[in-house]
Every structure is written in structure tokens, then in C-alpha cells.
Amino acid sequence: MSAMRWTTSITGMRVCLLPFCAVIAMCGGCASSRHAHIQVVEMKEVQSMHFVGEIHGFSGWYGVFAARGHANARAEALGQAADLGATHVVLEPQVPHYGGTEVHGKAYKSAP
């Protein structure tokens, strides 16, 4: 392969990946306002609250991208809590594994 042809294919690849990267970057905060009112607390703080359900979030990002993966999985879990009408959540300790990042927890609603 000549140097000119290789440079052209790399340039074309950059142009193709640019919109994809922009979409990925925008999706990071898509649901943040939906769960802004939910507080992440310790178990002792929800003793008198009503349990509304278990929540789970998953992201395919892991390894060197684990921070982004955790943020995405946490946002998904908090979005589920918002759908349940929760006001507080207790998140379980994160256990890293190969293939993705997960967040699990329990959702609670404070008394009116």
C-alpha cells in the first residue's frame, strides 16, 4: 500500500468516527435531570422510609473507561429509581468484572 493511499484511508476513518464520538459524548448526561432530586444515602438513613424496589444499571464501558461506565450505570439505576417514585437510594458496593460496569441498589420513598 502506498503512503498516499494509507493517509487517505486514515483521514476517511477520522471523518467517519467523528459523528459517532460526538453522539457517545452527548449521551453521557441525557438522563441527569430526571433523577436530580434523588439522594444517595447510607442504609441507616432509610430505616423509616418505604422500600419501593431494587434498581440496576449497566454499561458496556469497563477497564480504562470504568469511570465513564460507572457514571452511565449509576445514571441508569437512578433513572429507574425516579420511575419508581423514589426519593432516596442505597447503592451496593461496586464489584468490578470483565465485560461491563454495573450498579445495584435499593430505592426508598420518604414519608409525605
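The values are calculated or read from the model by the stated rules, or taken from the named source; none is laboratory data. Just so it is clear, the structure is predicted and the values come from calculations on it, not from any experiment. We place every Cβ from the backbone using ideal geometry, glycine too, and count neighbours over all the protein chains shown.
Among the residues making up the stretch 43-74, those that are assigned to a helix (DSSP H, G or I), at pLDDT below 95 and surrounded by 20 or more Cβ atoms within 10 Å (Cβ to Cβ) are G69, N72, A73, R74.
Which ones in the stretch 31-73 are without any contact (Cβ under 8 Å) to a residue 40 or more places away in the chain and closer than 16 Å to H97 by Cβ?
Start the filter on the stretch 31-73 by keeping residues that are without any contact (Cβ under 8 Å) to a residue 40 or more places away in the chain, which leaves 33, 36, 44, 47, 62-67, 69-70, 73.
Scanning the stretch 31-73 gives Y62, G63, V64, F65, A66, A67, G69, H70, A73.
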